[in-house]
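Notes to accompany the following structure.
Readers should treat all values here as calculations from the given coordinates under stated rules, not as data from a laboratory. Worth saying up front: this structure is predicted, and the values here are computed from it rather than measured.
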Amino acid sequence: MLDVREAAAELSAAGRYMMAHGLAWGNAGNISARTGPDRCLITASGTFLGELTEDDFVECAFDGHTRHSGGRKPSKEMPMHRAVYEERPEVNAVLHASPFYSTLVACSDLELPSDLFVETMYYLERVERVPYFHPGSEALGAGVREKARKANVLLLANHGVLVYDISIREARMALQTLEVACRMIVTAMQAGVPLRRLEPETVQQFLNFSGYKPRREWPA
């Protein structure tokens, strides 16, 4: 868990990375990091992820109060960030973005398998879809809350994606893996290349015994 200054610095770096690698565009997207058991630092409304400064963040308690706002309003997507943090105490970072290929998949019925290659087996271990609700609405927050414990990646129908993990770095890696996997699937379909998926036993053996990453523990 980071303090406010550390969180602002790491989130600013993540925002620049996302913009530089095609994981964000325009002023779409919002990112946050946990700064306490009951609060997080989130980008302010209308910010540009590629040029974040300390003044572009608002610390929000989950009861709705804000701290260190500097007169800024938190992102209107705070309801879904709060839902993830409250449902998943081990999560310390939430990234919401609309990368091209990931959003294409979120706007379709395409299947997103996690058994294609090493990174998808770990970072896309469990993916869930959330039906469309208007951005920033309490209904969207409730939809995310319903699925937050079941997955580490959420496809928001006709909207974008939400990824969350134990650190900003891990969440960023999940977001990039998601975009690469979606691009691979779409490209393979266009080229008529059938993708060969790994057997379920192989996936479980990898997750449990490869030592690639610590085994993710899912809440009951």
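Laid out as a table, the results:
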{"item": "Where Cα atoms sit under 26 Å apart: lysine pairs in the chain separated by 8 or more or lying on different chains", "result": "4"}
{"item": "Dimensionless Rg/Rh of the range 4-209 - Kirkwood Rh, Rg from C-alpha atoms", "result": "0.97"}
{"item": "Of all DSSP beta bridges in the range 69-220, antiparallel share, percent nearest 5", "result": "70 percent"}
{"item": "Built amide H within the under 5 Å cut-off of Ala157, gap 5+", "result": "Val130, Tyr132"}
{"item": "The range 44-94 shape via C-alpha gyration tensor axes, a/c threshold 1.5", "result": "prolate"}
{"item": "Table column - 3J(HN,Hα) (Hz), the range 25-35, Karplus curve with 6.51, -1.76, 1.60, x for Gly and Pro", "result": "7, x, 9, 6, x, 8, 9, 8, 9, 5, 10"}
{"item": "Cα-based Kirkwood hydrodynamic radius, the range 99-205, one decimal, Å", "result": "14.3 Å"}
